[in-house]
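What follows is one structure encoded as structure tokens, with my remarks underneath.
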Number of protein chains: 2
Amino acid sequence: MNETQILILQSFFSPEEENRLRDALPGFSVRFCGPADWADALPEASFVIGNPPVPLLRSAKKLRLLQLISSGANQYAAPGALPEGAQLACATGSYGPGIAEYLLACTMSLFLRLPAYGANQRAHAWHDEGPVRAMKGASILVVGLGDIGGQYARRCHALGAHVTGVCRTKREAPPFVEELHTFDELDALLPRADAVALCVPETKQTIGLMDRRRLALMRPDSVLLNVGRGTAVVTADLVQALRDGTIGGAALDVTDPEPLPPDHPLWDEPRCILTPHISGGSHFIGTRERIFSICLENARRFAAGKAAVNLVDRTTGYRVSQP
Amino acid sequence: MNETQILILQSFFSPEEENRLRDALPGFSVRFCGPADWADALPEASFVIGNPPVPLLRSAKKLRLLQLISSGANQYAAPGALPEGAQLACATGSYGPGIAEYLLACTMSLFLRLPAYGANQRAHAWHDEGPVRAMKGASILVVGLGDIGGQYARRCHALGAHVTGVCRTKREAPPFVEELHTFDELDALLPRADAVALCVPETKQTIGLMDRRRLALMRPDSVLLNVGRGTAVVTADLVQALRDGTIGGAALDVTDPEPLPPDHPLWDEPRCILTPHISGGSHFIGTRERIFSICLENARRFAAGKAAVNLVDRTTGYRVSQP
């Protein structure tokens, strides 16, 4: 038995998946850890699968690879979070398809006026709400073209929409994006969009991105969607924009503050779809399976002494290798 | 001026579209007709664009081609409806994309439990409804693979679903359908489906298709959608199936009876999305434009003495030529 200790988060994987992870690490000492075990187990661990509390990681002197089960890696990539020489891999790629489906379902629901038809249904009213927008031919502005934004853009394109992307740095547009621009061009793009989808992480650049001024650049029949972090939208400005008809509707899976307090006025906006941060996580059937397959791949690579996939650059916080 | 009289339904097309239709028929006497004009104008007409009342068509002795603005052509294809030798063309192909988008939006809304999240929102409750199904990997059963069913199947396939089609006669599956079966195999297919979408016209075979027995063949987490005719579902049986959890949800744009009476129990089913027959018609931006382009094409062909597109077989009622 190899004395190298492998720690794997307990009860996230199914028993069958746990067995497959164990089989991928022949000869290693594999231990499944609950929250109470991390402090005791981390000092001996070479390879960890899971998201242990950051403060405990200082004791993980033997750590060579930390495989997160999350997409976000910022707190683990922060200076000093991991011991020198340890590598960090994330689960980016697992969550994108689910969150993209959430975005698409909400875009189409808003285009079709399903919230208004829902209100009619509760009033038992057989009432026609008039012309509606189709995805086919719609102009979709995807702000942030990472895993989530890219997966959403791909789906919009497949349904015949005209997709414009906004990203941090100038690069060539992927085949499912008609135009790719940088953030400094955002103001000029907002008036053209039938839907604006925010798929950005929380950074200095994105906090307060959609404020009163930028909401006013959108059209009265255009809709706003947010799945990144709630702070990308100035909530009070959004409430006002929905009330006075500056924009046509909104769908938010993230809010600022979060959870939204029970007395917040946003709950009662009839053209706003509100969900409690459920598009990510492992809510979507398939997401957990994708996380497992990244973990399994890196377990195999660790056992074989090969370079890991989905590595995160610990200085920039961005993913450097693809799965 | 050619004395051949052409009648075109008034105010369905925009003034610019009316001009383009007129330009496509150089030398013909083109008249735009309101509802009051049909009786007077039909006896002289050789080519009609619109849906005049069927009883008046008996007087249209000179009629050579009737171009409908509807997809359904049954009453016009009925024996004796049109004079001998007149051809019938429909607008099939115009409505499919819009209705398919309605179906997709409702499928995804039901998978994502948006009706339940809507109820939570009205209660100001930040409450997680648990795991949800994605289109990616879902098993979608499309009952009726005509224009509407085909367009829906295409979109489901593009989003990574496994699509099974059911149609009248055995034929080769199109590339976006994994399996194609006939109606006699329906019972065996229902238990496998995550969503069952009814895209069938009203015929002897489809009236009462989804009754208590067939609803019980669906799974408790599966959802039913109907956009064809309300009679394809036995409404009382559906209400019962939603109440006792036999199926997981429903979306209906057509009902039996229609409109649904204000005191009908279906209005209050929390897992049912109800809309007032709005997925067809020209509600979707783009639908009217597609109808226009079929009409324009057949106007050009009529003027040139060429065979029309989108012809309907007057004995079977089915379309025989593609646009």
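The values are calculated or read from the model by the stated rules, or taken from the named source; none is laboratory data. If you're wondering where the values come from, they're calculated on a predicted model, not measured in any experiment. In this analysis, Cβ positions are derived from the backbone assuming ideal geometry, glycine residues included, and neighbour counts consider all displayed protein chains.
A few comments on the model shown:
- Meets criteria (surrounded by 19 or more Cβ atoms within 10 Å (Cβ to Cβ), away from chain B (no Cβ under 13 Å) and not polar (S, T, N, Q)) for A:Leu104: no
- Residues satisfying the stated conditions in the range B:212-244, i.e. out of contact with any strand residue (DSSP E or B) (no Cβ under 8 Å at 6 or more places or on another chain) and charged (D, E, K, R): B:Arg212, B:Arg213, B:Arg214, B:Arg219, B:Asp221, B:Arg229, B:Arg243, B:Asp244
Residue-by-condition table, conditions (1) free of Cβ contacts under 8 Å to residues at least 60 places away in the same chain; (2) not aliphatic (A, V, I, L, M):
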residue: B:Pro191; (1), (2): yes, yes
residue: B:Ala197; (1), (2): no, no
residue: B:Lys204; (1), (2): yes, yes
residue: B:Arg212; (1), (2): yes, yes
residue: B:Leu215; (1), (2): yes, no
residue: B:Ala241; (1), (2): yes, no
residue: B:Gly249; (1), (2): no, yes
residue: B:Asp253; (1), (2): no, yes
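- Test: residue in the range B:101-118 that is in the same structural domain as B:Leu242 (by TED's automatic domain parsing) and farther than 30 Å from B:Thr164 by Cα: yes
- Single unsatisfied condition, B:Asn120 versus (1) surrounded by fewer than 24 Cβ atoms within 10 Å (Cβ to Cβ); (2) at the interface with chain A (Cβ under 8 Å from one of its Cβ atoms); (3) assigned to a loop (DSSP other than H, G, I, E, B): (3)
- Within the range B:157-171, at least one residue is among the hydroxyl-bearing types (Ser, Thr, Tyr) and more than 27 Å from A:Tyr95 (Cβ to Cβ).
- Within the range B:262-273, the residues that satisfy the criterion of being in contact with a helix residue (DSSP H, G or I) (Cβ under 9 Å, 6 or more places away or on another chain) and surrounded by fewer than 23 Cβ atoms within 10 Å (Cβ to Cβ) are B:His264, B:Pro265, B:Leu266, B:Trp267, B:Asp268, B:Glu269, B:Pro270, B:Arg271, B:Cys272.
- For the range B:190-208, the set of residues classified as crowded, with 21+ Cβ neighbours inside 10 Å and either at pLDDT below 95 or part of a loop (DSSP other than H, G, I, E, B) (or both) consists of B:Ala193, B:Asp194, B:Cys199, B:Val200, listed by residue number.
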